[in-house]
Each structure stands twice: as structure tokens, then as C-alpha cells.
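Notes follow once the structure below has been shown.
Just so you know, all these numbers are worked out from the coordinates, no wet-lab data involved. Computed from a prediction, not measured in an experiment: that's the story for all the values here. Backbone-built Cβ (ideal geometry, glycine too); neighbour counts: all protein chains shown.
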Amino acid sequence: MKHKSRRPHASRLIRAGLSMAIAFGCGLYIGHTAPWMTSETLAADTSYIHEVDAGETLWQIAGPIADQTGQDVREIIYQLQVNNNLGPDPTLQPGQKLIIRY
């Protein structure tokens, strides 16, 4: 009487485990990169577009927002830079559109 090898069963378990791990990893990646899952999108109902006037600075744009929200103007400027991909020392152009979220 010959005993059946346990190898096919073990390899099926390994393949199933690897498939589950790959699916879980893909789900984490997709969930992490999904734009509908970001806090910026959740705050979209408190955002608007500001069109930059000639000579206008981030300080001038951020000042009234900081006054209205009670935040530090530097924090508003930082948020403007991040939300609009402006970098650390931006030069604004007349007609440029900025997303303002608060």
C-alpha cells in the first residue's frame, strides 16, 4: 500500500497563500494611491479657486484666510504651496489659479 505524497496539498496551500498576499498588497497600494481617499478630497467642499492678480503674493492671499480661520498665516501659506505644487519659493503669475482649502 502506497501512501500519497503531501506535496501537492502543500504546494496548493503555498500558492493560495501567495495569491492572497499579492491581492492584499495590491489592495493596500490601490487604497493608498486612490485620490478619493485623501484628506484633501474630503475637504473639497471647503475649497475654492483664487485667480492671482498682478503683483499679488502668497502673504496677501493667505492673510484674510488666516484671519477668517484663526490659523497662523505661515500655515496657510504652507498649505497653499503644498496644495498647488508651488515649491518653497514660488513666483506667482497674474491669472494663475490657486486651489484654496481651509
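Put simply, the C-alpha atoms of the stretch 39-101 give a gyration tensor, and the ellipsoid matching it has half-axes of 17, 14, 11 Å, longest first. Residues of the stretch 84-102 falling in the label zone of residue 78, defined by backbone nitrogen less than 20 Å from a point 7 Å along Cα to beta-carbon, are 84-91, 99-102.
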